[in-house]
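Structure record follows, encoded as structure tokens.
The values are calculated or read from the model by the stated rules, or taken from the named source; none is laboratory data. Since this is a predicted model, take the numbers as computed values, not measurements. In this analysis, Cβ positions are derived from the backbone assuming ideal geometry, glycine residues included, and neighbour counts consider all displayed protein chains. Heads up: the accessible areas ignore ligands, DNA and RNA and are worked out on the full protein's heavy atoms, side chains in. Shrake-Rupley method; radii C 1.70, N 1.55, O 1.52, S 1.80 Å.
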Amino acid sequence: VTGFYLITPSSVTSQTNECTQKCPAGYTISENQCKKCSVENCNDCSTDSTKCKICNTPLIYYSLSNKCLDTCPDGYYDSNGVCQTCIVNCKKCTKTSPTQCVECFEGSVLSLQKTCPSSCPSGNKNIK
């Protein structure tokens with residue numbers, strides 16, 4: 001039957017083979033079977049079960065490590081459950097203003113324009 005996917009006892013907490021139109025959360029379709037996502041706490045993985053797309057709430061997906069995290073690492077912000085990069089040299093930015101930095105990495109200065117140049121623009125002083 002097309003449009004249905006097999007759930008086997010080894011793939012889901014089912015005692016018998018069953019057919020379903022949609023794999024449950026935490027599973028993906030692979031070779032007409034529901035296959036468990038291999039990323040811990042992943043709610044929705046791609047057709048490659050080793051790559052997560054969306055983590056279980058409230059966790060956030062970080063693609064560089066392919067993990068579900070409590071918070072995004074420095075230089076990233078939470079954009080609807082996925083860590084996205086802040087602007088260059090920015091250590092902390094917000095979802096509401098990802099192009100406006102609130103804290104820069106060491107070696108950069110926070111400008112009035114909320115960017116992180118390596119030194120103050122000509123005619124300005126670094127105030128600490």
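Observations on the structure shown:
- The apolar share of the surface of the range 45-128, taken as the fraction of accessible area on carbon and sulfur atoms (1.4 Å probe, ligands and nucleic acids excluded), comes to 51 percent.
- Label sites at Gln21 and Lys114, each approximated as a point 7 angstrom past Cα along Cα to Cβ, lie 4.5 nm apart.
- Three-way shape call for the range 31-128 based on the alpha-carbon gyration tensor, with the a/c threshold at 1.5: prolate
- Gln100 long-range amide H proximity, modeled H, under 5 Å: Thr94
- Counting charges near Ser97 (Lys, Arg +1; Asp, Glu -1) among other residues having Cβ under 15 Å from its Cβ returns a value of +2.
- Estimated distance in nm for a label pair at Phe105 and Lys53, the labels positioned 7 Å out from Cα along Cα-to-Cβ: 3.1 nm
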